[in-house]
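Peer 1: My questions will all concern the structure given below.
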Amino acid sequence: MQRLGKVITFYSFKGGVGRTMALSNVAALLAKWQKKVLIVDFDLEAPGVEKYFTSSDFNLSTERSECPGVVDILTSFWFETSAIDWSDCVITASSPKYGVTCDILTAGKDTAAYASNLQNLNWDSLFEKYNLAEKLERMRNEWKKKYDYILVDSRTGISDIGGICTIYLPDIIAFLFTTNDASLNGSVDVIKRAKASRDKLAYDRSLLVTIPIPSRDESRTEYESSLKWKDKFADKLDSLYADWLPMDAPVKSAIDLLKIPYVPYWSFGDRLPVLEDGTTEGSIGFSYERIALLIANDFDWTKTRTGLTSDEVGNIVEKNERLSEELDARIEQYIVNRLDVQIEFYAKQGLKFKWFNITSLAGQFSSALILPTLIFSRLSDEFSSFTGILFSAILAVLIAIQAASNWKTKSEKYIVISQALKHEKFKFMSLPKNRRIRKFQSFVSEIEDILANADRNTYRMEVKETRRMKK
């Protein structure tokens, strides 16, 4: 079954919020991601979306002055026999430099007759006598079959054109507003009316989803004021974000991620910073990219936050499967070449120093029986032979105990280290495979911490012994 495209209207209650610039940059990104994009300029009283694609980096298939557009199509509906097909009005904008190609349906042919044609449009007559609703529906369906995304630039405020763009056409409304009550409250009222009016349409429509976008944000310079407005935005727009934002995600996190900062540099001319400057975090391009990602990923908030498109997610899954195999090999190599060698080394060291302990005790006690006699046989008769032997024997025994204690301490230490390594290995290897992969780094850290507890002499011995055993 063919997947139909989505119609996204970009709307603002007041002008000067950067709506057309936002639409153009989002369109450029979607096109760069190999999506089929159509831009429709329904801002008939202030047209010009195509200007964002007229720089030296873009080629237009034809000039607006030579190609009919929305006004011409609507005008032609008055004359059934000469109706203009929208597909004959498409201008293709392409940039080999950026790998971007998208289609544009302009507001109308840019000639002296444009203004009079617009003024002569009688919306009531078009709807009642010439069945404009049905014609719009047919055109909308054709768009959705041909394109992945249709981005409509709407007129501001409350108007007949605004009603077409916010009620008849869209699946999604991305509406921009600024930090003033007229902009915020006016936008919310229009959205509420659009949602209510959708239920009265004679045509099937899905739930109208909205994307609230704070624009011209100056929180970098007006931090305290921006916090107050963020609270107001969250309170006023909570129900609109709830249509797609996960329940455990704070509304303010969406406000922060989707807000478009005010950057004076980009306010001069009609430009596409997502292409010219990129989408690094903190840039205005980053904000446009979040909006494009939200649309491209069907409102998947996790993908939007991480900055991944659906295609990239698929590539990452494939890459993760490959990395999983590589990680399994690393785990096996670590266990065999590092951990098992250490376990064997410390176990041997423990046995070796245990043997040192036994032989040391035996040697020292033998000395305690022989040395005193040899020493005191040469001493003066002033000392009692028995007393001297007893004194020397006690001294020798104490020395033997001290030496044996040192060997025993080392032996016990190495045995404890060996047992600790075995215990960590057993715990790790008892985990399911998928958890072993996730826990690998913490497992390695535990092992290295245990080995780090050995003193420096032990470490030198360990390195020497490890090298010998590997050979």
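Peer 1: For Ile104, what charge total do you get from the other residues with a beta carbon under 11 Å from its beta carbon, if Lys and Arg give +1 and Asp and Glu give -1?
Peer 2: Charge balance near Ile104 sits at -2.
Peer 1: Follow-up question, since we're still on this one. Report for region 1-139 the percent antiparallel among DSSP-assigned beta bridges with both residues inside it, nearest 5.
Peer 2: 75 percent
Peer 1: Using the count of nearby Cβ atoms within 10 Å as a rough guide to exposure, how do Ser76, Ser219, Ser239 rank from fewest to most?
Peer 2: Arranged by neighbour count, lowest to highest, Ser76, Ser219, Ser239 become Ser239, Ser76, Ser219.
Peer 1: Using a cut-off of 10 Å between beta-carbons, work out the net charge of the residues near Ser215 (Lys and Arg +1, Asp and Glu -1, Ser215 not included).
Peer 2: +2
Peer 1: Here's something else I'd like to know. Using the beta-carbon distance between Ser76 and Glu276 and R0 = 35 Å, what value does 1/(1 + (r/R0)^6) give for FRET efficiency, to the nearest 0.05?
Peer 2: FRET efficiency, Ser76 to Glu276: 0.40.
Peer 1: Of Lys35/Lys200; Lys236/Lys259; Lys129/Lys195, which ones are farther than 22 Å apart at the Cα?
Peer 2: Lys35/Lys200; Lys129/Lys195, as the Cα separations exceed 22 Å there.
Peer 1: While we're on this one: Extension gain Ala242-Asp256, at 0.36 nm per residue separation less the Cα-Cα distance, in nm?
Peer 2: Stretched fully, the Ala242-Asp256 segment lengthens by 3.5 nm.
Peer 1: Which number comes out as Rg/Rh for region 110-202 once both Rg and the Kirkwood Rh are worked out on C-alpha atoms?
Peer 2: A ratio of 0.99.
Peer 1: I would also like to ask the following. Using 0.36 nm per residue, how much length does the chain from Ala46 to Met429 gain when fully extended, once their Cα-Cα distance is taken away?
Peer 2: Value of the extension gain: 131.1 nm.
Peer 1: What are the ³J(HN,Hα) values, in whole Hz, obtained from phi via the Karplus relation 6.51 cos²θ - 1.76 cosθ + 1.60 with θ = phi - 60°, for each residue of region 33-45 in sequence order, with x given for Gly and Pro?
Peer 2: 8, 6, 8, 7, 10, 10, 9, 10, 8, 9, 7, 5, 8
Peer 1: Can you sort Met247, Met21 so the residue with the fewest Cβ neighbours within 10 Å comes first?
Peer 2: Listed from fewest to most nearby Cβ atoms, that is Met247, Met21.
Peer 1: Say each of Ala83 and Leu227 gets a label point 7 Å from the Cα, pointing the same way as Cα to Cβ; how far apart are those two points in nm?
Peer 2: 5.9 nm
Peer 1: Summing +1 for each Lys or Arg and -1 for each Asp or Glu, what net charge is found among the other residues whose Cβ lies under 11 Å from the Cβ of Phe286?
Peer 2: With Lys, Arg at +1 and Asp, Glu at -1, the net is -1.
Peer 1: Could you work out how far the C-alpha centroid of region 39-62 sits from that of region 190-265, in angstrom?
Peer 2: Centre-to-centre (Cα) distance: 27 Å.
Peer 1: Taking the radius of gyration and the Kirkwood hydrodynamic radius from Cα positions alone, what is the Rg/Rh ratio for region 145-284, to two decimal places?
Peer 2: 0.97
Peer 1: Given a Förster radius of 56 Å and the C-beta distance between Ser442 and Phe127 as r, what FRET efficiency does 1/(1 + (r/R0)^6) yield to the nearest 0.05?
Peer 2: With R0 = 56 Å, the Cβ-Cβ based efficiency is 0.25.
Peer 1: Which value, to two decimals, describes the C-alpha radius of gyration of region 69-157 once divided by 2.2 N^0.38 Å?
Peer 2: 1.20
Peer 1: Which ordering of Glu276, Glu289, Glu224 is given by a fewest-first count of other beta-carbon atoms within 10 Å?
Peer 2: With the sparsest Cβ surroundings first, the list reads Glu224, Glu276, Glu289.
Peer 1: On to the next question. Taking the Cα centre of region 1-75 as the origin and placing charges on Cβ (Lys, Arg +1; Asp, Glu -1), which of Leu38, Leu4, Thr20 is farthest toward the positive end of the dipole?
Peer 2: Of the options given, the answer is Leu4.
Peer 1: Further question: So, with +1 on the Cβ of K and R and -1 on the Cβ of D and E, and no other charges, what is the size of the charge dipole of region 6-308 about its Cα centre, to the nearest 20 debye?
Peer 2: It works out to roughly 480 debye.
Peer 1: Restricting to region 6-308, what percent of DSSP beta bridges are antiparallel, rounded to 5?
Peer 2: Antiparallel bridges: around 25 percent, rounded to the nearest 5.
Peer 1: Here's another thing I want to ask about it. Output the peptides 101-111, 154-164 sorted from most to least packed, where packing is the average of other Cβ atoms within 10 Å over each peptide's residues.
Peer 2: With the highest mean Cβ count within 10 Å placed first, the list reads 101-111, 154-164.
Just so you know, all these numbers are worked out from the coordinates, no wet-lab data involved. Owing to the predicted nature of the structure, the values given are computational and were not obtained by experimental measurement. Note: ideal-geometry Cβ built from the backbone for every residue, glycine included; neighbour counts use all protein chains shown.
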